1. Test Asn473 against the stated conditions and say whether it is within 30 Å of Trp370 (Cα to Cα) and open to solvent by 10 Å² or more (accessible area, probe 1.4 Å).
2. In this structure, is Lys714 modelled with pLDDT of 95 or more, basic (Lys, Arg) and within 28 Å of Ser627 (Cβ to Cβ)?
3. All but one of (1) part of a strand (DSSP E or B); (2) open to solvent by 10 Å² or more (accessible area, probe 1.4 Å) hold for Ile255; which doesn't?
4. Of all residues in region 423-438, which are polar (S, T, N, Q) and more than 15 Å from Phe516 (Cβ to Cβ)?
5. So which strands (runs of 3 or more DSSP E) are wholly in region 657-770 and hold at least 1 residues that are more than 29 Å from the chain's Cα centre (by Cα), among the acidic types (Asp, Glu) and surrounded by fewer than 20 Cβ atoms within 10 Å (Cβ to Cβ)?
6. What tally of residues in region 476-515 results from selecting those that are open to solvent by less than 10 Å² (accessible area, probe 1.4 Å), farther than 24 Å from Lys542 by Cβ and of a type in the set (A, V, I, L, M, F, W, C)?
7. Could you list, in sequence order, all residues of region 62-85 that are open to solvent by 10 Å² or more (accessible area, probe 1.4 Å), touching a residue at least 24 places away in the same chain (Cβ under 8 Å) and in a loop (DSSP other than H, G, I, E, B)?
8. Among the residues of region 161-196, which ones are open to solvent by 70 Å² or more (accessible area, probe 1.4 Å) and either at pLDDT below 95 or not in a loop (DSSP other than H, G, I, E, B) (or both)?
Amino acid sequence: MKIGKVSLWGVGILTLISLLSSCNQTEIESTKTTSLVEKVYPLLDTENSRWFFFSSANRPFGMVNLSPDTETNGAWGSGYRHKVDTVRGFSHIHAWQMSGLSVMPVSTSLEKNKELFTDFYSSFSHETERITPGYHYLELDKQKIAVELTSTKRVGFHKYVFPEANVEKRAVLFNLNAQLGPCEISDGHLTKDGNMELSGSFVMQPTFRRPKPLTTYFKVKLNTPIASIERDVESKNYLLHLNKSDEPVLMKVAISYTSVENANLNMEEELPHWQFEQVVKDSQAEWEGMLSRIKVEGGSETDQRRFYTDLWHALQGRRIISDVNGAYPDNTKENFRVGQLPVDVGGKPKFNHYNSDSFWGAQWTINTLWGLVYPEIMEEFSHSLMQYYKDGGLVPRGPSGGNYTYVMTGASSTPFIVSAIQKNLVNDNLDTIFSALKKNHMLGGIMGKAGYEHRTDIGGGLSYYLKDGYVPNPLPEGKFGIHLDGSGQTLEYAYQDYTLAQLAKKLGKEEENKYFMARCKNYKNVFNKDEGWMGPRDVSGKWREDFDAYDYENGFVESNAAQSTWFVPHDLTGLSDLMGGKEKAVEKLNEQFEKAEELNFTSGSSHESELHPEYRRIPINLGNQPSIQTPFVFNKLGRPDLTQYWSRTVVKKAFSGLAPDTGYNGDEDQGLMGSLNVLYKIGLFQMNGGTEENPEYQIGSPIFDKITIQLNSKYYPGGQFVIIANDNSDNHLYSDTPSFNDSILSDFTIKHQDIINGGELILHMTENPN
């Protein structure tokens with residue numbers, strides 16, 4: 001196929017990363033590479049992905065997440081889906097409840113221009129597609145156009161090579177009025193600002209989850225003159241006709257949620273030049289720097305590729321919404337306003353502001369990974385969450401479009417911020433932060449809201465929790481929001497109360513510490529001793545008749561009773577006492593793992609499969625957050641050998657694949673499950689989410705021989721933390737008593753302060769348990 005001039009860089013990078021998208025697993029095993037970026041496999045789980053899951057031509061947490069869309073209808077099953085061979089456009093925004101700015105290069109003809117507004121889709125082949133972090137290449141079969149994509153944080157950069165026969169017919173379609181992923185795009189406008197410049201805006205209409213509209217502004221610059229702009233009356237979309245040239249078309253597209261002027265400023269600051277190849281190199285260098293914070297040695301080549309793909313996903317999904325000057329959209333009150341982040345003495349914003357899915361489950365995932373390996377990210381997100389409090393009066397649990405969504409349940413941001421404080425990442429205004437978090441735990445706070453309960457605060461059942469010590473199921477008032485699963489909500493609230501009590505203790509607030517420590521025992525009120533499980537009970541205190549511990553969402557959020565019974569990370573000793581002691585608790589949980597192994601520990605291969613009649617009854621589901629801590633529960637109950645066995649077995653059977661049809665066997669949830677995979681594989685975990693003083697890490701069974709974590713010197717003094725697993729292999733998955741800097745760790749735990757001071761954690765792996 002002759003598609004015109006392709007840059008030497010394009011040819012070079014296609015050769016460099018050719019194995020990343022089209023190779024099979026055998027080829028992956030036999031190919032040795034040195035760059036960590038090259039090890040990432042972006043196509044992982046793309047047969048099951050949702051709108052914001054897939055990434056290619058983007059930076060870590062970038063406002064722009066530029067990639068092709070093969071499905072565009074709905075939040076689920078949309079975006080880039082590997083089995084669909086048709087490109088419907090290249091969108092710049094793939095975020096939680098946000099989408100927009102889809103463009104498509106096309107070749108025009110006078111007699112068929114009208115058809116291009118509705119008939120612009122094109123097939124493509126994975127055989128010629130090439131993807132690596134920061135770069136995407138594919139060829140549009142319909143009109144033989146080669147497309148290359150890259151970006152900065154806030155600017156998408158396109159490169160189009162048209163076939164030689166069509167250099168007089170070059171055009172770009174701007175699809176500014178249509179359904180795009182999770183939301184409808186409307187009121188799109190495009191204006192010609194000069195011979196090679198345009199600007200415009202569009203509105204993301206509200207969704208069920210994001211209740212207010214959001215206007216997005218953009219600035220476009222091209223390297224070739226604009227011949228004319230054509231607007232279709234019916235679709236209200238725009239066709240940009242370009243002058244004749246045999247040179248590749250370069251197009252820079254900057255976005256902003258505040259103004260066209262700030263979109264232009266984003267471009268001027270981040271991408272003032274036209275060196276496409278340099279932007280690709282810069283993007284890959286940024287990704288390399290992030291991935292190289294953890295160096296692994298040993299394991300198979302596939303193990304390493306999957307590990308760095310997991311780590312890559314841990315830095316995805318959650319997106320910057322502030323401009324380079326700190327302007328950001330504030331939609332938290334009745335009227336929209338443009339907010340301004342605090343700036344340093346040089347006028348630079350002190351942190352970025354973020355759009356994010358829920359922190360539901362963050363205590364066992366990004367709390368630990370970000371807090372140890374990327375402390376600067378955890379600090380930024382903490383400040384961003386507090387900015388929402390300053391603007392709207394509540395700390396959010398999953399903001400979108402500068403507004404609250406009330407996604408999921410509880411006060412899931414509390415453990416995240418408390419963990420950041422306990423790790424000394426956030427040190428200022430702690431009394432204010434405590435007051436903000438406490439507000440969420442009281443009537444009128446976010447804990448009183450069920451999922452997406454925008455206008456009331458009844459569905460959370462908090463009044464009952466405060467009065468009776470549990471949330472009844474069903475809720476007497478009826479349905480308000482979703483996820484009205486009283487016993488599951490009770491367990492979440494109790495744990496989150498414990499974490500707030502730890503902050504009160506740190507700040508010397510004795511009365512608040514006592515109050516929230518008393519509340520954190522409320523989990524006992526939903527433990528049915530006759531059944532031996534957590535269970536649903538109504539407002540009168542009566543346990544549900546014909547109770548079935550394996551019935552999905554029967555009083556438990558996105559889980560069953562068997563899975564959620566172990567959601568007591570702050571008091572597993574107390575839980576085991578309710579079960580008759582640690583030995584009986586271990587026996588019970590071990591039986592659950594043995595049964596769950598029959599289904600490879602997850603409810604199928606996607607989030608929606610949790611509703612399958614068989615999968616919904618799995619005793620442990622490690623494809624969703626409510627029970628992902630369970631392999632490390634054994635450690636807290638005095639059986640580290642079972643933590644080592646089951647965590648390794650889970651990794652092998654559920655989280656080792658490297659193909660488009662496998663990956664996280666559920667919802668990856670914007671870095672949560674990617675982070676979990678990383679933690680399982682390096683053998684570190686935090687049962688309490690790092691919320692107690694000098695947080696504790698539990699030691700598992702790393703799959704690699706050596707793991708070197710480069711500590712951020714701005715936050716931690718130790719240089720490196722190294723884990724060495726001697727004699728490690730698939731059969732040698734147990735560890736003798738570990739040591740750290742020559743000190744024996746008989747309980748298989750290590751403290752945060754010890755880790756950040758640097759040193760070596762030594763494990764001697766054996767075939768038989770210690």
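The values are calculated or read from the model by the stated rules, or taken from the named source; none is laboratory data. Keep in mind that what you see is a predicted model, and the values were worked out from it rather than measured. Backbone-built Cβ (ideal geometry, glycine too); neighbour counts: all protein chains shown. SASA here: full protein model, heavy atoms, side chains in, ligands and nucleic acids out. Shrake-Rupley method; radii C 1.70, N 1.55, O 1.52, S 1.80 Å.
1. Answer is no for this residue.
2. Criteria not met by Lys714.
3. Result: Ile255 fails condition (2) only.
4. To start, the set of residues in region 423-438 that are polar (S, T, N, Q) comprises 424, 427, 429, 432, 435.
Asn424, Asn427, Asn429, Thr432 - these are the residues of region 423-438 that are polar (S, T, N, Q) and more than 15 Å from Phe516 (Cβ to Cβ).
5. Where strands (runs of 3 or more DSSP E) fall fully within region 657-770 and carry at least 1 residues being more than 29 Å from the chain's Cα centre (by Cα), among the acidic types (Asp, Glu) and surrounded by fewer than 20 Cβ atoms within 10 Å (Cβ to Cβ), they are 759-766.
6. Going through region 476-515 one residue at a time, the tally reaches 4.
7. Thr72, Gly74, Ala75, Trp76, Gly77, Arg81, His82, Lys83, Asp85
8. Glu164, Ala165, Glu168, Lys169, Gln179, Glu184, Asp187, His189, Thr191, Lys192, Asp193
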